[in-house]
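Right, one structure below, let's go through it.
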Amino acid sequence: AQKITQTQPGMFVQEKEAVTLDCTYDTSDPSYGLFWYKQPSSGEMIFLIYQGSYDQQNATEGRYSLNFQKARKSANLVISASQLGDSAMYFCAMREGGSGGGADGLTFGKGTHLIIQP
Amino acid sequence: DAGVTQSPTHLIKTRGQQVTLRCSPKSGHDTVSWYQQALGQGPQFIFQYYEEEERQRGNFPDRFSGHQFPNYSSELNVNALLLGDSALYLCASSLPGSRFTDTQYFGPGTRLTVL
């Protein structure tokens with residue numbers, strides 16, 4: 001079963017509009033972190049925002065906010081006032097706390113290709 | 001403040017050859033993770049290095065190996081290259097914090113093409 005599901009392969013949004021990118025996750029671990037990354041055509045993964053499983057409030061970073069609904073296991077990214085430079089691939093990722101030793105790598109979804117239109 | 005750097009940027013190899021990719025972590029970071037990103041897919045975790053030891057490994061064969069040096073830089077080695085190894089290889093660095101809270105910062109990647 002996929003641990004991270006992003007159901008929107010592509011989205012077209014008008015400049016200055018808000019956009020919501022969907023992400024659902026699957027884990028039985030009570031301790032986990034959720035991350036969103038942006039990947040422009042250049043290839044570099046740019047960290048946007050983080051939400052921990054024990055965080056009481058939704059995370060915000062400038063124009064980015066994370067709509068965290070723990071019971072539904074969803075962690076949607078909201079971008080307010082979209083800009084042309086927001087056009088890129090967006091990936092949702094998770095790291096589980098786990099009970100074993102060592103740190104786990106990130107598990108990524110397949111991504112959403114966001115295109116901002118003028 | 002230098003970010004994560006990777007070399008080379010691009011690489012072309014033929015099947016059966018061996019390749020070495022290099023990564024220097026962000027200043028102050030001592031943990032390095034490697035990921036493989038096939039075209040149109042999300043990155044997949046290969047392994048993580050901390051204190052010069054492989055700490056965690058994803059579902060990749062032993063043809064994929066690595067090393068971490070005392071200055072925290074790292075190498076990814078792939079032996080007996082297959083066509084399916086063609087991908088963008090991403091290196092990420094992080095602080096040795098709590099496992100599920102530490103943010104990984106990525107480099108620009110190395111694009112490997114196997115002919």
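Do we have B:S73 as of a type outside the set (F, W, Y), buried (at least 21 other Cβ atoms within 10 Å of the Cβ) and touching a strand residue (DSSP E or B) at 6+ places or on another chain (Cβ under 7 Å) here? Considered against the rule, which asks whether it is of a type outside the set (F, W, Y), buried (at least 21 other Cβ atoms within 10 Å of the Cβ) and touching a strand residue (DSSP E or B) at 6+ places or on another chain (Cβ under 7 Å), B:S73 comes out as no. Could you check the range B:21-60 and list, in sequence order, the residues that are open to solvent by 60 Å² or more (accessible area, probe 1.4 Å), of a type outside the set (D, E, K, R) and at negative phi? Within the range B:21-60, B:S27, B:L39, B:Q41, B:Q44, B:N59 qualify.
Quick grid of which residues meet (1) of a type outside the set (F, W, Y); (2) within 24 Å of B:R55 (Cα to Cα); (3) in contact (Cβ under 8 Å) with a residue 60 or more places away in the chain; (4) within 14 Å of chain B (Cβ to nearest Cβ):
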residue	(1), (2), (3), (4)
A:Y32	no, yes, yes, yes
A:G62	yes, no, no, no
A:K73	yes, no, no, no
A:Q83	yes, no, yes, no
A:H113	yes, no, yes, yes
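Residues that are without any contact (Cβ under 8 Å) to a residue 60 or more places away in the chain and touching an Asp or Glu at 6+ places or on another chain (Cβ under 8 Å) were ranked within the range A:1-26; the one that is surrounded by the most Cβ atoms within 10 Å (Cβ to Cβ) is A:T7. Taking strands (runs of 3 or more DSSP E) as the structural unit, those lying wholly within the range B:59-115 and holding at least 2 residues that are free of Cβ contacts under 8 Å to residues at least 60 places away in the same chain and within 12 Å of another protein chain (Cβ to nearest Cβ) correspond to B:87-94.
Rundown of residues vs (1) farther than 29 Å from B:Q6 by Cα; (2) touching a Phe, Trp or Tyr at 6+ places or on another chain (Cβ under 7 Å); (3) at pLDDT below 95, yes/no style:
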position	(1), (2), (3)
A:A1	yes, no, yes
A:Q6	no, no, no
A:E15	yes, no, no
A:D22	yes, no, no
A:F35	no, yes, no
A:G43	no, no, yes
A:Q51	no, yes, no
A:G62	no, no, no
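The values are calculated or read from the model by the stated rules, or taken from the named source; none is laboratory data. Keep in mind that what you see is a predicted model, and the values were worked out from it rather than measured. Every residue, glycine as well, gets a Cβ built from its backbone with ideal geometry; the counts of neighbours run over all protein chains shown. In case anyone asks, the SASA skips ligands and DNA or RNA and just uses the protein heavy atoms, side chains included. Shrake-Rupley method; radii C 1.70, N 1.55, O 1.52, S 1.80 Å.
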